[in-house]
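Scroll down for the structure; my scribbles are underneath it.
The values are calculated or read from the model by the stated rules, or taken from the named source; none is laboratory data. None of these values were measured; they are calculated from a predicted model. Please note: Cβ atoms are built from the backbone with ideal geometry, for glycine as well, and neighbour counts cover all protein chains shown. Surface areas here come from the heavy atoms of the whole protein model, side chains and all, with no ligands, DNA or RNA. Shrake-Rupley method; radii C 1.70, N 1.55, O 1.52, S 1.80 Å.
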Amino acid sequence: MTSLRENRPAVSVIVPVYSVEKYLARCLDSLLAQDTNVNYEIICINDCSPDSSPRILEDYQRRFPNRIRVLENEENVGLGATRDHGVLKARGEYLMFVDSDDYVRSDYIEQYLSAMDSNPCDIIIGGYIDADGEREQARLLPHSLWTELCFSAAWAKMYRRAFVKENDLKFTGIRYAEDTLFNLNVFALDARCSIIDYAGYYYFANPSSITREKGHDKKLEQELSTLYRNFIASDAFERLPQDRRQMVEYSYVADMLSTILLFGRRCGTRRMHEKHAFFKDDLEAIFPNYRRNPYLTLSGPMGQRASIRRGVSMFMLAEKLHLSKQLFALFGIL
């Protein structure tokens, strides 16, 4: 792509910033090194970060005033509301979200813009690269409706800004799984999506992020339940046809399993029993007919990612054998 969009940025890259002094420069350097001829802006929003991140932002804004804009939250509001602040101030035709402890390849923006130009749509979805400082593993995503629903991350995607604004899509309101709520609302709108075989987003396993801290007492499963209950009570869910409602039901099970078994791992038998009991009661209350869901089978939907399919299938088998409590208990001690 060689054409310049002269009047405004083609892309607004929104970067929330909070306590990332170790990683922020790497993130910004990767965004500044984009190999593209189009105009793009990097919007960094300081969410009252208590470390040296604000000083790093000041330095980068001073050195790159035509590329980097720094916004300040008056109080700490969390990742979701910080992203919303960035969307409100964005001028680009398209939006991209990058977490400040992650980074991207030099062709990142160009690849997404090329895909958008080739197939104009509301959202372009790409793969990503798992990175922990020692190893890297590229993960491409299936070309499936399941990817649109269950790959809920806001990053590794390009959104048409008009689509986000016209539908009043927001991350605000929760501090855990804000991507999931945003994505559920996108799914309910039947957005025009295109999935590309490209992985240029480095997802860094930051040990201090909310999804990496063990924080067994945070009871994240209860926050996830509130998120899904709010969505299920919405007009957006009511408008979905039956098969898509069942897909959301599958997504709930997959997200609960991930939240409890991954982030609650080694929390101890007692705590894990409590988490299991909450999950089972919540599942029966929200989706009383979940056992009849054709997607919640031992084989699982073939368009779904294999790792998710395996996890859900293991749970359903354990349920059938009345062993799910024991299965959860293993994760509580191993």
Open item on the list: Using the crude model of +1 on Lys and Arg Cβ and -1 on Asp and Glu Cβ, and no other charge, please compute the dipole size for the chain relative to its Cα centre, in debye to 20.
Closed with: 800
TODO: List the residues whose amide H sits under 5 Å from the amide H of PHE97, counting only those 5 or more places along or on another chain, with H placed 1.01 Å from N in the peptide plane.
DONE: ILE14, ALA156, LYS157
Task: Rounded to 10°, Cα long-axis angle of helix 220-232 versus longest principal axis of the chain - done: 80
Open item on the list: Let's see if you can work this out: charge +1 on each Lys and Arg Cβ, -1 on each Asp and Glu Cβ, no other charges. What is the dipole magnitude of segment 1-131 about its Cα centre, in debye to the nearest 20?
Closed with: 380
- [ ] With a cut-off of at most 13 other beta carbons within 10 Å, and DSSP calling the residue loop, which trypsin sites (Lys or Arg not before Pro) in segment 1-72 qualify? Please list them.
- [x] LYS22
- [ ] Report the one residue of TYR290, ILE260, ALA10 whose Cα lies farthest in the direction of the positive end of the charge dipole of the chain (charges on C-beta: Lys and Arg +1, Asp and Glu -1; origin at the Cα centre).
- [x] TYR290
Task: Between segment 83-118 and segment 302-322, the Cα center-to-center distance that results, in Å - done: 34
TODO: Give the Debye-formula value of log10 I(q)/I(0) at each listed q (0.07, 0.13, 0.14 Å⁻¹), with one equal scatterer per alpha carbon of the chain, two decimals each.
DONE: -0.30, -1.03, -1.18
Open item on the list: Less than 13 Å apart at the alpha-carbon level, and either on another chain or at least 8 residues along: which aspartates and glutamates does that give for LYS325?
Closed with: GLU274, ASP281
TODO: For segment 110-174, report the convex hull volume of the alpha-carbon atoms normalised per residue, in Å³, without decimals.
DONE: 131
Open item on the list: Using +1 at the C-beta of Lys and Arg and -1 at the C-beta of Asp and Glu, which of THR172, CYS193, PHE182 has the Cα lying farthest in the positive direction of the dipole of segment 142-197?
Closed with: THR172
Task: Assigned charges on the beta-carbon of Lys, Arg, Asp, Glu; segment 191-334 dipole about Cα centre (debye) - done: 380
Open item on the list: Give the residue list of GluC sites (Glu not before Pro) in segment 39-87 that are DSSP loop and have at most 13 other beta-carbon atoms within 10 angstrom.
Closed with: GLU74, GLU75
Open item on the list: Out of the total accessible area of segment 8-142 (probe 1.4 Å, heavy atoms of protein only), what percent is carbon and sulfur?
Closed with: 43
Task: Among LEU95, PHE163, ILE123 - extreme Cα towards positive end, dipole of segment 86-183, charges at beta-carbon - done: PHE163
Task: Accessible solvent surface per residue of the chain, calculated while the other protein chains remain in place, 1.4 angstrom probe, Å² - done: 46
Task: Between helix 53-63 and the chain: long-axis angle, C-alpha atoms, 0 to 90°, nearest 10 - done: 30
TODO: Could you name the aspartates and glutamates whose alpha carbon sits less than 15 Å from that of LYS165, not counting residues in the same chain fewer than 8 places away?
DONE: ASP84, GLU93, ASP122
Open item on the list: Through the Karplus equation 6.51 cos²θ - 1.76 cosθ + 1.60, θ set to phi - 60°, convert the phi angles of segment 176-184 into ³J(HN,Hα) values in whole Hz; use x for Gly and Pro.
Closed with: 10, 6, 4, 4, 5, 5, 4, 5, 4
Open item on the list: With every protein chain left in place and a probe of 1.4 Å, what is the accessible surface of LEU262, to the nearest 10 Å²?
Closed with: 90
Open item on the list: What do you get for the angle between helix 269-286 and the principal long axis of the chain? Use alpha-carbon atoms, 0 to 90 degrees, nearest ten.
Closed with: 90
